[in-house]
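Trainee: The structure's right below; bear with me while I get my questions together.
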Amino acid sequence: MSHKNKRRPDYAEKYPDTNISDEVLQYLKKADRKMEYLEHDIKRDRYARGKDGKLIRDENGRPVKLPEREISLDKLISEDWEFSSGQPSPEDEVIAGLEIAKLYHCLDLLSENERALIQALFFDDLKEREYSLESGIAQKTINDRKHRILGKLKKFLQK
């Protein structure tokens, strides 16, 4: 097997009997690069320098370190960093999907009038006043019904 980098093998050569699409090969290469990136501190121990190129020192005579812009996964784990990901985890996505499916099931348990009210207020973004004018029902009545229906849905969801 010949490849340029032992860390990033040529998957087409590694698995010759399989039909791997170009998209999958590109994804594998990106995943390998990402793992390599996470395993090493790419920019490490950078120091502040003046216009003349000389190191800037603090009051104790030590070079002033610049903050690290990139950090390895090992360092994150060893220093117990806390950070939040901008993306939900696969588990969170599955749980959200199950909750949404349960909510739609519970909505199906409501009467037609109850569903129409919830549809208008929460899915069609109508205000109670707008729904009142559209349906001819007093706004206070709509508000009372909304709270009663939401209580009903809460009970359904807790089962």
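The values are calculated or read from the model by the stated rules, or taken from the named source; none is laboratory data. Keep in mind that this is a model prediction, so the values were computed, not measured. Don't worry about glycine lacking a Cβ; one is built from the backbone with ideal geometry, like all the others, and counts go over all protein chains shown.
Trainee: Of all the residues that make up region 141-155, how many are touching a helix residue (DSSP H, G or I) at 6+ places or on another chain (Cβ under 9 Å) and over 21 Å from residue 100 (Cβ atoms)?
Mentor: Summing the residues that are touching a helix residue (DSSP H, G or I) at 6+ places or on another chain (Cβ under 9 Å) and over 21 Å from residue 100 (Cβ atoms) in region 141-155 gives 5.
Trainee: Pairs, please: C-beta under 6 Å, at least 6 apart or cross-chain, first residue modelled with pLDDT of 75 or more and in region 15-39, second of a type in the set (Val, Ile, Thr)?
Mentor: Within 6 Å, no pair qualifies.
Trainee: Only one of (1) at pLDDT below 95; (2) over 30 Å from residue 33 (Cα atoms); (3) surrounded by 11 or more Cβ atoms within 10 Å (Cβ to Cβ) fails for residue 159. Which number is that?
Mentor: Failing condition for residue 159: (3).
Trainee: Next question. Applying the selection to region 74-102, what residues are surrounded by 13 or more Cβ atoms within 10 Å (Cβ to Cβ), touching a helix residue (DSSP H, G or I) at 6+ places or on another chain (Cβ under 9 Å) and modelled with pLDDT under 90?
Mentor: 76
Trainee: Another question about this same structure. Quick one: what pairs do we get from region 140-159, first residue within 11 Å of residue 106 (Cβ to Cβ) and of a type in the set (A, V, I, L, M, F, W, C), second at pLDDT below 95 and not in a helix (DSSP H, G or I), C-beta under 7 Å, 6+ apart or different chains?
Mentor: Pairs found: 149/110; 156/109.
Trainee: Any chance you could count how many residues in region 4-14 are of a type in the set (Phe, Trp, Tyr) and modelled with pLDDT of 75 or more?
Mentor: 0
Trainee: Cβ-Cβ under 7 Å, sequence separation 6+ or interchain: first residue in region 113-139 and assigned by TED's automatic domain parsing to the domain that holds residue 149, partner among the hydroxyl-bearing types (Ser, Thr, Tyr). Which pairs?
Mentor: 120/131; 121/131; 138/132; 139/132
Trainee: May I pose another question? Looking at (1) exposed (fewer than 11 other Cβ atoms within 10 Å of the Cβ); (2) modelled with pLDDT of 75 or more, which is the one condition that is false for residue 65?
Mentor: Going through the list (1) exposed (fewer than 11 other Cβ atoms within 10 Å of the Cβ); (2) modelled with pLDDT of 75 or more, residue 65 breaks only (1).
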